[in-house]
């Protein structure tokens, strides 16, 4: 049972990580100044465009590698909440024909919340770095 649970968390972690890595890359390709300008145009402080871009890119990489899963997932959850409440909520769950709704954001938010609460240890880089033994849940001192 535990093994299926861990594999499930690994799948959530990698899918969420790849999704945000791609979104982050897209923002960098678009140009961070353009992202900041778009944030300004919708009434959000432009510098938050830079913050969100870095969270998405670096957070996506960290999740794929399994480093700082709980913290990164919490940051991503905040980004998603911001997207839902500032941009997506007004167009509805399914969107308005011109713009996607918040259904995908809500699903990604659920994934981020699960990872914030549970973490994901299977194939996680942080286990190698900090010497955590998954079976015992303690650090290896050897």
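Bear in mind these aren't lab numbers, they're just calculated from the coordinates by the rules spelled out. Source: prediction; values computed, not measured. Don't worry about glycine lacking a Cβ; one is built from the backbone with ideal geometry, like all the others, and counts go over all protein chains shown.
Among 120, 73, the order by Cβ neighbours within 10 angstrom, fewest to most, reads 120, 73. Taking other C-beta atoms within 10 Å as the exposure proxy, 123, 5 rank 5, 123 from fewest upward. Report, in whole Å, the centroid distance computed from the Cα atoms of the stretch 3-20 and the stretch 62-76. Spelled out, the Cα-based centre of one part sits 11 Å from the other. Specify whether the C-alpha gyration tensor of the stretch 29-93 places it in the rounded, prolate or oblate class, a ≥ b ≥ c being the square roots of the eigenvalues: rounded for a/c under 1.5, otherwise prolate if a/b is larger than b/c and oblate if not. Oblate, because a/c is 1.5 or more while a/b does not exceed b/c.
Structure remark: mean-square fluctuation, Gaussian network model of the chain, C-alpha springs under 10 Å; the largest value among 58, 104, 75 belongs to 104. Highest mobility in the GNM of the chain, judged by mean-square fluctuation with C-alpha springs under 10 Å and restricted to 129, 84, 61, is found for 129. Using a Gaussian network model of the chain whose springs link C-alpha atoms within less than 10 Å, name the residue from 77, 100, 26 with the highest mean-square fluctuation. Comparing 77, 100, 26 in a Gaussian network model of the chain, the most mobile one is 100. Here is how the number arises for the chain: DSSP H runs of 4 or more residues each give -39500 (n - 2.57), the sum is divided by the residue count, and the result at 222 nm is -22000 deg cm²/dmol.
Neighbour counts of C-beta atoms inside 10 Å place 122, 63, 108 in the sequence 122, 108, 63, starting with the fewest.
The length gained on full extension between residue 3 and residue 117, counted as 0.36 nm times the residue separation minus their Cα-Cα distance, comes to 39.3 nm. For the stretch 2-127, the relative contact order works out to 31 percent when only alpha carbon pairs closer than 8 Å and six or more residues apart are counted.
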